[in-house]
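All remarks here apply to the structure that follows.
The values are calculated or read from the model by the stated rules, or taken from the named source; none is laboratory data. Everything quoted here is computed from the prediction, not taken from an experiment. Neighbour counts are summed over all protein chains in view; Cβ atoms, including those assigned to glycine, are modelled from backbone coordinates with ideal geometry.
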Amino acid sequence: MDASDSFGIQAFFDDVTGTVSYVLHDAASREAAVIDPVWDYDAKSGRTSTASAQRIADYLQAEQLQLRWVLETHAHADHLSAAQWLRMQMPPGAVRTAAPVVIGQQITQVQKAFGAIYGMEDCIAPQGADFDCLLRDGDVLSLGATSIRALAVPGHTPADLAYAVENAGTVAAIFVGDTLFMPDVGTARCDFPGGDARALYQSIRRLLAHPPHTALYVCHDYPPDDRAPTWCTTVAAQRTHNIHVHDGVDEAAFVAMREARDATLDMPQLMLPSVQVNIRAGRLPDADAQGRRFLKLPVNAL
């Protein structure tokens, strides 16, 4: 566990999707936030599993942490969110109050774009109300004595947020979502509806304006063959070594590179099932009279 004197961070890596979920907790109050939890989905069978989320629930219970927030950095296209399942997991004897699910306020743009693609307009709650809390840039959540400040970092999607962990007014760590990856992997794609490579460059420069020692926690790692998965880097390491956006790469060069690279990328394996769930805060479609649930498969739409 990575930790300061006032807070701790525990990472959970899902090797199927390359996703890193996190538990951030305040040391004194024992309040916790879970960031980007994974709900396992087998694309071949259509079966779901809570194995990955159960690891987080078990950790919360073992460490006697109270889940205060479930934070999504964006509506993911590579895994289903376990937010709805995890928010309801309570240790024995705990007060039965579900943790709010949080995302950036621009999720409404993402819902509008993908709602039309999936024909889900009637299933999505108005004004982003599928989520419990929509954050604007600069909004702050409390976690005991630890503060979590929302940083709008659009580009990968319009709704991407980073979460800056502050103590005594100092930013000690930032969960960067799908903006930056580890320096030898680079940056996130921008070719989904609403994506914008120019906006991503500006978001990245905002993150990299923090002090050099600031810890950056990535949402994914796709490691090359010569190293194991890892997920914590620093502003200094990114500015020096990031293969896409190190110091000296200007906006025009980045946009040209990003757009050319995106044109060669395949669609994420779980994009079609995951987005329709994640734009509704991890909710599966409603069950029919027989208790069955069906995901949609848009044909020739993406």
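Scan region 94-128 residue by residue and report those that are of a type in the set (S, T, N, Q) and assigned to a loop (DSSP other than H, G, I, E, B).
Hits for region 94-128 are Thr97, Gln105, Gln106.
Residues that are surrounded by 13 or more Cβ atoms within 10 Å (Cβ to Cβ) and in a helix (DSSP H, G or I): does region 129-150 have at least one?
Scanning region 129-150 turns up no residue that is surrounded by 13 or more Cβ atoms within 10 Å (Cβ to Cβ) and in a helix (DSSP H, G or I).
If only one of Thr48, Thr73 is under 25 Å from Ile279 (Cβ atoms), among the hydroxyl-bearing types (Ser, Thr, Tyr) and surrounded by fewer than 19 Cβ atoms within 10 Å (Cβ to Cβ), which one is it?
It is Thr48.
Output the residues belonging to region 212-239 that are acidic (Asp, Glu) and surrounded by 12 or more Cβ atoms within 10 Å (Cβ to Cβ).
Asp221, the sole residue that qualifies.
Quick one: which of Ser45, Ser52 is under 27 Å from Phe192 (Cβ atoms) and under 17 Å from the mean Cα position of the chain (by Cα)?
Of Ser45, Ser52, the one residue that is under 27 Å from Phe192 (Cβ atoms) and under 17 Å from the mean Cα position of the chain (by Cα) is Ser52.
What is the one condition in (1) farther than 20 Å from Ser81 by Cβ; (2) surrounded by 15 or more Cβ atoms within 10 Å (Cβ to Cβ) that Tyr118 does not satisfy?
(1)
Do any residues in region 142-166 that are within 19 Å of Val101 (Cβ to Cβ) and touching a residue at least 24 places away in the same chain (Cβ under 8 Å) have Cβ atoms under 6 Å from those of residues that are hydrophobic (A, V, I, L, M, F, W, C) and not in a strand (DSSP E or B), where the two are at least six apart or on different chains, and which pairs are they?
Going by the 6 Å Cβ cut-off, the qualifying pairs are Thr157/Val110; Ala159/Ile107; Ala159/Val110; Asp160/Val153; Ala162/Val153.
Go through region 245-295 and give me each residue that's surrounded by fewer than 17 Cβ atoms within 10 Å (Cβ to Cβ) and aromatic (Phe, Trp, Tyr).
Phe294, the sole residue that qualifies.
How many residues does region 206-241 hold that are among the polar types (S, T, N, Q), over 20 Å from the mean Cα position of the chain (by Cα) and assigned to a loop (DSSP other than H, G, I, E, B)?
Total meeting the criteria: 0.
Checking Gln64 against (1) of a type outside the set (Val, Ile, Thr); (2) crowded, with 22+ Cβ neighbours inside 10 Å; (3) without any contact (Cβ under 8 Å) to a residue 40 or more places away in the chain; (4) on the phi > 0 side of the Ramachandran plot, which single condition isn't satisfied?
(2)
Does Ile174 count as in contact (Cβ under 8 Å) with a residue 24 or more places away in the chain, closer than 18 Å to Ser29 by Cα and under 15 Å from the mean Cα position of the chain (by Cα)?
It is false that Ile174 is in contact (Cβ under 8 Å) with a residue 24 or more places away in the chain, closer than 18 Å to Ser29 by Cα and under 15 Å from the mean Cα position of the chain (by Cα).
Determine which single condition Gly155 fails, assuming it passes every other condition in (1) at pLDDT 95 or above; (2) surrounded by fewer than 23 Cβ atoms within 10 Å (Cβ to Cβ).
For Gly155, the failing item is (2).
Scan Pro285, Pro229 and give me the residue that is under 16 Å from Thr17 (Cβ atoms) and touching a residue at least 24 places away in the same chain (Cβ under 8 Å).
Pro229
Would you pick out the residues in region 1-60 that are among the hydroxyl-bearing types (Ser, Thr, Tyr), free of Cβ contacts under 8 Å to residues at least 24 places away in the same chain and part of a loop (DSSP other than H, G, I, E, B)?
Listed by number, the list holds a single entry, Ser45.
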